[in-house]
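Shown next, in structure tokens, is the structure this report addresses.
Readers should treat all values here as calculations from the given coordinates under stated rules, not as data from a laboratory. Computed from a prediction, not measured in an experiment: that's the story for all the values here. Every residue, glycine among them, receives a Cβ derived from its backbone with ideal geometry; neighbour counts consider all protein chains shown.
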Amino acid sequence: MSSRMQKEARTMSNSSLVCYTKISPNKTSPRNHAIDTITIHCMAGNLTVETCGNVFAPTSRQASSNYGIGSDGRIAMYVEEKDRSWCTSNRANDMRAVTIEVANDGGANTGWHVSDKALASLLNLVEDICKRNGIKKLVWSESKNDRVNHLNGCNMTVHRDYAAKACPGDYLYKLHGWIAQEVNKRLGTGSGSPAVTPTPTTGTFKVRVSITDLNIRAGAGTDTARKGVIKPGVYTIVEVKSGKGSKAGWGKLKSGAGWISLDYAKKV
């Protein structure tokens, strides 16, 4: 690591969006690579930012992240950006990535769902990180080879590529392309990945819902009001639209109850 890079690493800024700080001893200081990557993790639990900080506090834990986001949308810092967190089971990745742990308001059967507030804060934090570190464009790839080798401009990685883990959970994993799009709109650099296209359909069709707490929304997107949850069973979809928070699109229930994400509904 050159003296110039060491100086730059020590003077890296941190996000002003942080409302709670508890620096973990589990880190490498300073990092030996410029920040050019975003790695989003899930907590696999509905931890507050304070609780997550307590988890990372003991040296025996041997784990940390740069930032954490609670289901209430609050943002915490556990490792300064100038330092490498111990987060992704891969030293090289963590040397170049800002790592973010996000709380889950749903369990494994929801793909480790995150709240709308947490998702909104995640977008704000990623935008802020990109702007301060000169990341002009976020690029997500469905190819693991592209991700771990940073090919074709890919600068978003996931924990499951480096270890036998579900992290960041299917819910966030499926949103990575959309996250890149939304952040890149704010950065003024285009979509960053192909637009999400909803499942094509003509007329009505039936889907089977297997999970127990799939949200019903007032409209096609997680940015619309939550109207309740749908029970497991077979339902008729009468319309499909693209929208925030779903890769496969949103389906309108024939009953008129609202819209559900087709990511968690299988056509029958």
field: Two-decimal log10 I(q)/I(0) for the range 12-99, as the Debye equation yields it once each C-alpha is a single scatterer, q = 0.18 Å⁻¹
entry: -0.70
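Restricting to the chain, what percent of DSSP beta bridges are antiparallel, rounded to 5?
Working: 25 of 38 bridges.
In the chain, approximately 65 percent of DSSP beta bridges are antiparallel ones.
Quote to one decimal, in nm, the extra length available between LEU123 and GLN62 on full extension: 0.36 nm per residue of separation minus the C-alpha distance between them. Spell out each step's value before the answer.
Numbers: separation 61, 0.36 × 61 = 21.96 nm, distance 2.75 nm.
Roughly 19.2 nm would be gained on extension.
Hey, with R₀ at 41 Å, roughly what FRET efficiency would LYS131 and VAL229 work out to, going by the Cβ-Cβ distance, to 0.05? List each step's numbers first, then the result.
Values: r = 37 Å, r/R0 = 0.90.
With a Förster radius of 41 Å, E is 0.65.
Between LYS241 and THR212, take the C-beta separation as r, use R0 = 41 Å, and let me know the FRET efficiency to the nearest 0.05.
Numbers: r = 25 Å, r/R0 = 0.60.
So, using R0 = 41 Å, E works out to roughly 0.95.
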query: Under a no-solvent Debye model with one identical scatterer per Cα of the range 93-158, what's log10 I(q)/I(0) at q = 0.13, 0.14, 0.22, 0.26 Å⁻¹?
result: -0.45, -0.52, -1.08, -1.17
task: Sticking with the crude label model, points 7 Å out along Cα→Cβ, report the distance from ALA163 to THR28 in nm, one decimal please.
output: 1.5 nm
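Over the chain, what relative contact order in percent results from Cα pairs under 8 Å that are six or more residues apart? Walk me through the intermediate numbers first.
Details: 625 pairs, mean separation 39.2, N = 268.
Relative contact order here is 15 percent.
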- prompt: With charges set only on the Cβ (+1 for Lys and Arg, -1 for Asp and Glu), what does the dipole of the range 68-155 come to about its Cα centre, in debye to the nearest 20?
  reply: 380 debye
- prompt: Shape call for the chain from the C-alpha gyration tensor, a ≥ b ≥ c root eigenvalues: rounded (a/c under 1.5), prolate (a/b greater than b/c) or oblate?
  reply: prolate
Using alpha-carbon coordinates, inclination of helix 116-132 to the longest axis of the chain, degrees: 40 degrees
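Count charges around THR236 for me, please; just the other residues with Cβ under 13 Å from its Cβ, Lys/Arg as +1, Asp/Glu as -1. Provide the component values of the computation, followed by the final result.
Details: positive: LYS206, ARG208, LYS252, LYS254, LYS267; negative: GLU239.
Residues near THR236 contribute +4 overall.
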task: Can you pull a Stokes-Einstein diffusion coefficient for the range 205-267 at 25 °C (0.890 mPa s), Rh from Kirkwood over Cα pairs, as a whole number of µm²/s?
output: 222 µm²/s
query: Picking from GLY45, GLY258, ILE179, whose Cα lies most toward the positive end of the charge dipole for the chain (charges on Cβ: Lys, Arg +1; Asp, Glu -1)?
result: GLY258
- line: In debye to the nearest 20, the charge dipole size for the chain, taken about the Cα centre with +1 at each Lys and Arg Cβ and -1 at each Asp and Glu Cβ, equals 380 debye
- line: Rounded to the nearest 10, the angle in degrees between the Cα long axis of helix 169-187 and the longest principal axis of the Cα atoms of the chain comes to 70 degrees
message: Please compute the modelled spin-label separation between ASN109 and THR21, points set 7 Å along Cα→Cβ, answer in nm with one decimal.
response: 4.2 nm
- request: Give the residue from ILE75, ALA57, THR88 lying farthest towards the positive end of the charge dipole for the range 48-116; charges sit on Cβ (+1 for Lys and Arg, -1 for Asp and Glu) and the dipole is referred to the Cα centre.
  value: THR88
statement: Of the listed links LYS244/LYS266; LYS144/LYS266; LYS22/LYS144; LYS144/LYS247; LYS206/LYS241; LYS174/LYS267, those spanning more than 21 angstrom between alpha carbons are LYS144/LYS266; LYS22/LYS144
